Amino acid sequence: MPSSPAEARDAFARPATPGDRPARKFGLRGGRSATGSLQAAGNRRSSGGSPPPRGSALRAADLGVAGALLLLTLPLSLLVALALRLEAPGPVLRREPRIGRAGRRFDLLTFRSTTEGPFRRPVPSRVGRLIRPARIDQLPVLLNLLRGDMTLVGPAPAPVPAAWEVPPAAAPRPGISGWVNAN
């Protein structure tokens, strides 16, 4: 057994001799290959190639969940869009500029649930009073999920003015739900 980290490092650096014990000596489950190099169990190459990276599996899950939820909520979304269009002229979707991963700007989509009130302050509309408590106004966020602007679980996207405090390289991709809610 090596008595110091330096000896353990040197044991892996020197070439194998016939008297060496297999790699299990250091807690590895692999062994030496035919060429004498160490192999850990599970790192042997197969003809099927390597598994997909973790990021693509998460992206596939995001696409599957967003697609299924959009199909399930399509009739409700169409009814809300029609009600908003009949209530007042203007766009049905509200676009809020946000900052995403690596400082990239995107528009967060939501149903318009407010109108302009006295003193140019936003006031909930009649339809907005119905859709806000059930969070139906947030259904178009699933379109952001499909476009890749957001993920299912992650920090809330920062508004553009407040985002300049976060270094773009350190900011992860924003999500619909936070880690606290998911765990």
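Quick note: the coordinates plus some simple rules give every number you see, no bench work behind them. These figures come from a predicted structure and were not determined experimentally. With ideal geometry, Cβ positions are generated from the backbone for all residues, glycine too; neighbour counts draw on all protein chains shown.
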Which trypsin sites (Lys or Arg not before Pro) from the stretch 106-145 combine a DSSP loop assignment with at most 14 other Cβ atoms within 10 Å? ARG135
A chain fully extended from LEU63 to THR114 at 0.36 nm per residue, minus the present Cα-Cα distance, gains in nm 15.4 nm
Let me know the whole percent of all Cα-Cα pairs from the stretch 57-177 that are separated by more than 17 Å. 60
Around LEU152, which amide H atoms from residues at least 5 apart in sequence, or from another chain, sit under 5 Å from its own amide H, with H modelled in the peptide plane? ILE176
Estimated inter-spin distance, ARG135 and SER56, nm [label 7 Å along Cα→Cβ]: 3.1
What nm distance separates the two modelled labels at ALA102 and ARG126, each placed 7 Å from Cα along Cα→Cβ? 4.8
What order do you get for THR110, THR151, THR73 when you list them from fewest to most C-beta neighbours inside 10 Å? THR73, THR110, THR151
